[in-house]
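Q: Take a look at this one; I'll ask things after.
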Amino acid sequence: MLVMVTGCGASTGSDGHACTEIGAVSGVGLTVEQELADDIREADMQVCWDGTCERIPLDLHPGQRTIDLGCESDQPYGVCSATSTPDGTLTGFAQLDSLPAGEVQVRTFTTRQDGTRVETERLSVATETVFPNGEECPGEAQQLALTLGPAGLLPR
């Protein structure tokens, strides 16, 4: 998921572990499977919890997969490389700072190429707390990763 670098300094966590100033962004990631991707023009989603609902737009981009191109040597500091190639999916992430820990209800609304709007069934799913620096360091966030495909909206 998305991790944002907020600085290059370091502090010490509760166990003496060095903590960088890397933090994560709270929000929802969506991958539109290849079978639907060509037909989706735009998407947004509604996230609800404890009587509160927020509608958030998703900026979708072509998805990519990483191809390992190998390493020049077996040494720990050897040079390795990879490349990305389109995989036919669409991906997007919507920042939602108020996303709580625990269960939320989500549905997506997509606009197809022909202009029709399609709404998914409501999905109940738990958010995940991410710790980009480890649990002993600050910078954690609530995130949710979902997939939209022919079977509907599913957790990823």
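The values are calculated or read from the model by the stated rules, or taken from the named source; none is laboratory data. Note that the structure is predicted; figures quoted are calculated from it, not measured. All Cβ positions, even for glycine, are placed from backbone atoms using ideal geometry, and neighbour counts span all protein chains on display. Note: areas computed on protein heavy atoms with side chains; ligands, DNA, RNA excluded. Shrake-Rupley method; radii C 1.70, N 1.55, O 1.52, S 1.80 Å.
Q: How high is the FRET efficiency from GLU128 to THR52, r the C-beta distance, R0 22 Å, rounded to 0.05? Could you put the intermediate results ahead of the total?
A: Values: r = 19 Å, r/R0 = 0.89.
For GLU128 and THR52, the calculated efficiency is 0.65.
Q: Calculate, for ARG156 and THR85, the FRET efficiency according to 1/(1 + (r/R0)^6) with r their C-beta to C-beta distance and R0 25 Å; round to the nearest 0.05. Walk me through the numbers before you get to the answer.
A: Values: r = 20 Å, r/R0 = 0.80.
Here the calculated transfer efficiency is 0.80.
Q: Ok, one more. For the chain, modelled as a Gaussian network with Cα springs under 10 Å, which listed residue fluctuates most, CYS48, CYS137, CYS71?
A: CYS71
Q: State the extension gain, in nm to one decimal, for the chain segment bounded by GLU136 and ASP38, taking 0.36 nm per residue of separation less the distance between their alpha-carbons.
A: Values: separation 98, 0.36 × 98 = 35.28 nm, distance 4.27 nm.
That pair, GLU136 and ASP38, stretches by 31.0 nm at full extension.
Q: When the chain is treated as a GNM, springs tying every alpha-carbon pair under 10 Å, which of GLY29, GLY63, GLY78 comes out with the largest mean-square fluctuation?
A: GLY78
Q: For Cα pairs less than 8 Å apart in space and 6+ apart in sequence, what is the mean separation divided by the residue count of the chain, i.e. the relative contact order in percent? Each step should come with its number before you reach the end.
A: Details: 358 pairs, mean separation 45.7, N = 156.
Answer for the chain is 29 percent.
Q: Here's another thing I want to ask about it. Anyone know which of GLN95, GLN142, GLN64 comes out most mobile in the 10 Å Cα GNM of the chain?
A: GLN64
Q: Could you give the dipole magnitude of the chain about its Cα centre, charging the beta-carbon of Lys and Arg +1 and that of Asp and Glu -1, in debye to the nearest 20? If you can, show how the numbers build up before the last one.
A: On the way: 8 positive and 24 negative charges, 80 e Å.
The dipole magnitude comes to about 380 debye.
Q: For semi-axes √(5λ) of the Cα gyration tensor in Å, the listed values are (i) 29, 20, 15; (ii) 32, 24, 11; (iii) 34, 15, 13; which was obtained by calculation from the structure presented?
A: Here the calculated entry is (ii).
Q: A follow-up question, please. What does the accessible area per residue of the chain come to in Å², with a 1.4 Å probe and no ligands, DNA or RNA counted?
A: Working: 9200 Å² over 156 residues.
About 59 Å² of surface per residue is accessible.
Q: Taking a point 7 angstrom from the Cα of GLU21 along the C-beta vector, which residues in region 108-134 have backbone N less than 17 Å away?
A: Under cut-off, by backbone N: 132-133.
Q: Could I ask something else about it? Under the Karplus relation 6.51 cos²θ - 1.76 cosθ + 1.60, θ = phi - 60°, what is the ordered set of whole-Hz ³J(HN,Hα) values for region 140-154, x standing for Gly and Pro?
A: 6, 8, 9, 9, 9, 10, 10, 10, 10, x, x, 7, x, 8, 9
Q: Report the extension gain between ASP97 and TYR77 in nm, rounded to one decimal, defined as 0.36 nm multiplied by the number of residues separating them, less their alpha carbon distance. Write down the numbers at each step before the final one.
A: Details: separation 20, 0.36 × 20 = 7.20 nm, distance 3.79 nm.
That works out to 3.4 nm of additional length.
Q: Moving on. Going out from 0 in 10 Å bins, what whole percent of all Cα-Cα distances in region 83-154 drops into each bin?
A: Reading upward from the zero bin: 15, 39, 31, 14, 2.
Q: Let me ask something else. Given a 1.4 angstrom probe, I'd like the percentage of the accessible area of the chain that is carbon and sulfur, rounded to a whole number. Mind dumping the intermediate values first?
A: Working: 4410 of 9200 Å².
That fraction is 48 percent.
Q: Sticking with this one: Would you work out the relative contact order for region 75-131, in percent, from Cα pairs under 8 angstrom that are 6 or more residues apart?
A: On the way: 41 pairs, mean separation 17.1, N = 57.
Once divided by the residue count of region 75-131, the mean separation gives 30 percent.
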